[in-house]
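Worksheet: the structure to be examined is printed underneath.
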Amino acid sequence: DLFDAGSVKALAERWNRVLEFVTAAPETRLGAVDVLRDDEREHLLRVWNDTTVPIAGTSAVELFEAQVARAPGATAVVGDGVELSYGELDAAANRLAHYLHGMGVGPESVVGVCLPRDVELVTGILGVLKAGAAYLPIDGRLPVERVAFMLADSRAQLVLGTQEALDDLPAG
């Protein structure tokens, strides 16, 4: 009852395709096997996945500020025992954005953000966006060499983080 004849036939064809590929090249990882034909993949990606919805040319910062205007006293973020309203989060992010501007951060800048997943992280990301820059999330648990590569490759202008997190990052 779950499948019609066409669905069963397509499933059998895919299974045969996998078996033929694997028996012809047994060293191939299963993830590398093309299960779908080109026309099936196109249908899946273009027809079934056509979920685009027109949106206004509104930035994340503009959407956030609209929410601040609607409900400044409503809870915006909670983490590690700290709770900030939209108004408080907006004020903190604005302070950070002004500080970042003073450090020369603006459009075309990249700022690394190495903060624990709590209120400070949300404030940091929002502050960077309000400064007009892009943020580069940095997981402080990554190997130092990886972090150094990410910072050099992105040309991050500076890194936001707790002293503990920054102490573990590569110098410079």
- Message: What pairs come out if I take residues in the range 120-144 that are within 23 Å of L84 (Cα to Cα) and without any contact (Cβ under 8 Å) to a residue 60 or more places away in the chain and pair them with residues that are assigned to a helix (DSSP H, G or I) and basic (K, R) whose C-beta lies under 8 Å away, six or more apart or interchain?
- Response: G127/R95
- Got a number for residues in the range 12-69 being among the aliphatic types (A, V, I, L, M) and more than 30 Å from Y135 (Cβ to Cβ)? 13
- Item | Top-ranked residue of the range 35-52 - restricted to ones that are within 28 Å of the chain's Cα centre (by Cα) and not hydrophobic (A, V, I, L, M, F, W, C), ranked as nearest to E13 (Cα to Cα) | R41
- Task: Could you identify the single residue in L166, L136, L151 that is open to solvent by less than 60 Å² (accessible area, probe 1.4 Å), modelled with pLDDT under 95 and under 20 Å from the mean Cα position of the chain (by Cα)?
- Result: L151
- Query: Can you name the strands (runs of 3 or more DSSP E) wholly within the range 105-172 that have at least 3 residues being closer than 18 Å to A92 by Cα?
  - Reply: 110-114, 158-161
- Note on the structure: Flagged pairs (Cβ under 7 angstrom, 6 or more apart or on separate chains; first in the range 105-119, of a type in the set (D, E); second in a strand (DSSP E or B) and open to solvent by less than 40 Å² (accessible area, probe 1.4 Å)) are D118/G79
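The values are calculated or read from the model by the stated rules, or taken from the named source; none is laboratory data. The structure presented is a predicted model; accordingly, all values stated were derived computationally and were not measured. In this analysis, Cβ positions are derived from the backbone assuming ideal geometry, glycine residues included, and neighbour counts consider all displayed protein chains. For the accessible areas, the whole protein counts, side chains as well, though only heavy atoms, and no ligand, DNA or RNA atoms are used. Shrake-Rupley method; radii C 1.70, N 1.55, O 1.52, S 1.80 Å.
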